[in-house]
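The values are calculated or read from the model by the stated rules, or taken from the named source; none is laboratory data. In this text the structure is predicted, and so the values were computed from the model without any measurement. Glycine also receives a Cβ, built like all others from the backbone with ideal geometry; neighbour counts cover every protein chain displayed. Note: areas computed on protein heavy atoms with side chains; ligands, DNA, RNA excluded. Shrake-Rupley method; radii C 1.70, N 1.55, O 1.52, S 1.80 Å.
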Amino acid sequence: MPVQVAQVDVKSLVDGLNFAEKVDRSLNLIREAYEEFGDRLVVANSLGKDSCVVWDLAKRVSANIRGFIITTRYKPQETKQFMRETVERYPELRVFSSEVEIADRLYETEPDRCCDLLKVEPTRQAIAEMNVGCWVTGLRCTEGRTRTDFQEIEERDPGLIKLNPILIWYEREIWQYLALYQVPVNPLYALGYRSLGCAPCTHISSDPDERAGRWIGTSKCGGECGIHTRPLQADYQI
Ligand code: SF4
């Protein structure tokens, strides 16, 4: 059956399914999409804990599934090293970044613009260059206030399916999966970080909101970089 955008009662699934059922559901979502899109199904791997789960699930579906990583000049050293190790292990992961000139400390003055140039634009490039028909993300609806309204299968950009196969997982279940399947993660988690991004915009926070440590002190606090909220067509004018 073709992969179809559908409105699902996501909240009832979050508490209605147990861990093993969620793993099965996620695998099925990726499998069905891969059967339809083949090589045009591509995983967006942010190298965060959620992406590590999605990437591992995708590899269980097919070793051939490709992915892309968006990196920036501001990523922490630990993340850069983890990226090198990950790409060495999975050469089917392509790395995209932008070397565009930007104002010094743009992340303080205009973080939305900074994210648009350094994260969203390379995502558009990745989707175009890799001829993506379905991109797979590690979005979870329990992550914070900005992530409650997503669906498992979406079409935010015309002709581009977005698959969020672990949308209904709790943070606890992410760590459960990573431990049970012994999936390596970024060492920054051991220091207390719960959500990882660029160094100047990522802090350790004890706030219950998982993303509360992102963009502290700016209008973007606890928010989004834009790859899940901005148009992704390659010819979009930023
Ligand atoms: S997370 Fe911060 S440094 Fe990274 S692109 Fe966004 S604003 Fe710029």
Just for the range 53-64: of the residues that are of a type in the set (A, V, I, L, M) and free of Cβ contacts under 8 Å to residues at least 60 places away in the same chain, which one is farthest from Val23 (Cα to Cα)? Ala63
Pair list, Cβ under 7 Å, 6 or more apart: the range 92-111 residue closer than 30 Å to Asp39 by Cβ, other residue among the basic types (Lys, Arg): Glu92/Arg66
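Residues are listed down the side, and each one gets a yes or a no for (1) among the small types (Gly, Ala, Ser); (2) away from the ligand (no atom under 16 Å from the Cβ):
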{"position": "Gly67", "(1), (2)": "yes, yes"}
{"position": "Arg73", "(1), (2)": "no, no"}
{"position": "Glu85", "(1), (2)": "no, yes"}
{"position": "Arg89", "(1), (2)": "no, yes"}
{"position": "Asp116", "(1), (2)": "no, no"}
{"position": "Thr142", "(1), (2)": "no, yes"}
Filter result for the condition that a residue is more than 16 Å from the ligand (Cβ to nearest atom), among the β-branched types (Val, Ile, Thr) and in contact with a strand residue (DSSP E or B) (Cβ under 8 Å, 6 or more places away or on another chain), over Ile174, Ile168, Ile161: Ile161
So which residues in the range 91-107 are in a strand (DSSP E or B) and either charged (D, E, K, R) or modelled with pLDDT under 95 (or both), if there are any at all? Arg94
Across the range 181-196, what is the number of residues that are more than 12 Å from the ligand (Cβ to nearest atom) and among the polar types (S, T, N, Q)? 2
Within the range 197-223, count every residue that is near the ligand (Cβ under 10 Å from one of its atoms) and open to solvent by 20 Å² or more (accessible area, probe 1.4 Å). 3
Exclusive hit being more than 20 Å from Glu32 (Cβ to Cβ) and in contact with an Asp or Glu (Cβ under 9 Å, 6 or more places away or on another chain), set Thr148, Thr218: Thr218
Mind listing whichever residues of the range 125-144 are over 16 Å from the mean Cα position of the chain (by Cα), open to solvent by 10 Å² or more (accessible area, probe 1.4 Å) and of a type outside the set (S, T, N, Q)? Ala128, Glu129
